[in-house]
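Data block below; observations after.
The values are calculated or read from the model by the stated rules, or taken from the named source; none is laboratory data. Just so it is clear, the model here is predicted, and its values are computed rather than measured. A quick note on method: Cβ atoms are made from the backbone with ideal geometry, for glycine too, and the neighbour counts reach across all protein chains shown.
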Amino acid sequence: MRLAVGIPTGCEPTVVTFTARDLAGKESQCTSTIEFNAEPSALIELPQVAPVVGNPISFKSEFSGGCGPFEVNWFIIGPVAPEFIGNGTGTIRLPKGFPLPGKYTVFVGLKDAKGCNSFHSLEMEAKRLRSGDVNGDETVNTPDLVLLIQVILGHVPLGDVPRVAPSADIDGDGFINIADLIRLIQIISGQA
């Protein structure tokens, strides 16, 4: 059944009154109760950045249809189950990212107040960047050197380049500093 524009639909029955007027000006009315039961639907949005091992990442789901309140459940299948926060909401965050490289499937399940269910999944591959691949383009070269200099000088905040942290700490001491810059120059020039 197709509803006319402006007729409210929701979880509760809606009473609609139709009025018709003929050429003589006589009116006639008809009242009808409409109950609209749309199944709930969940859709996971693609994250802004590609998943890199160790980098934080978030997933958001958009919901439509169904009757609230909703029960939301997330789960992730892959080489290792990552830790995530936000279960029961439309967004989850993996504060430590994916723990290992490999293929992961992110699922969201939605159950509405009437017991109707919807599931959606998104397959992703988490990659481990090579040490020195500061810009995340899967090669270690001069643009990585330029970006690392900008990060060290504070011209590009580390938070603005979410893929930087693990691959920019080239010497693995937990800090991004001049020692990493020297090591990157050695790698690019073939001295490492």
Practice task
May I ask you to list the residues in the stretch 64-75 that are more than 13 Å from the chain's Cα centre (by Cα) and either farther than 15 Å from Ala113 by Cα or not aliphatic (A, V, I, L, M) (or both)?
Solution key: Ser64, Gly65, Gly66, Cys67, Gly68, Pro69, Phe70, Glu71, Asn73, Phe75
Practice task
Read through the list (1) under 26 Å from Gln191 (Cβ atoms); (2) not assigned by TED's automatic domain parsing to the domain that holds Arg183, then give the number of the only condition that Asn87 fails.
Solution key: (1)
Fill in the blank from the handout: Within the stretch 79-106, of all residues that are over 17 Å from the mean Cα position of the chain (by Cα) and surrounded by 16 or more Cβ atoms within 10 Å (Cβ to Cβ), the one modelled with the highest pLDDT is Pro101
Practice task
Output the number of the condition that Val140 fails; it satisfies all remaining conditions of (1) farther than 16 Å from Pro47 by Cα; (2) modelled with pLDDT under 90.
Solution key: (2)
Completion exercise
Filtering the stretch 1-56 for residues that are on the phi > 0 side of the Ramachandran plot and at pLDDT 80 or above leaves a count of 1
Handout entry: Unique residue being buried (at least 18 other Cβ atoms within 10 Å of the Cβ), at pLDDT 85 or above and over 23 Å from Asp173 (Cβ atoms) when the list is Phe75, Phe59
Key = Phe59
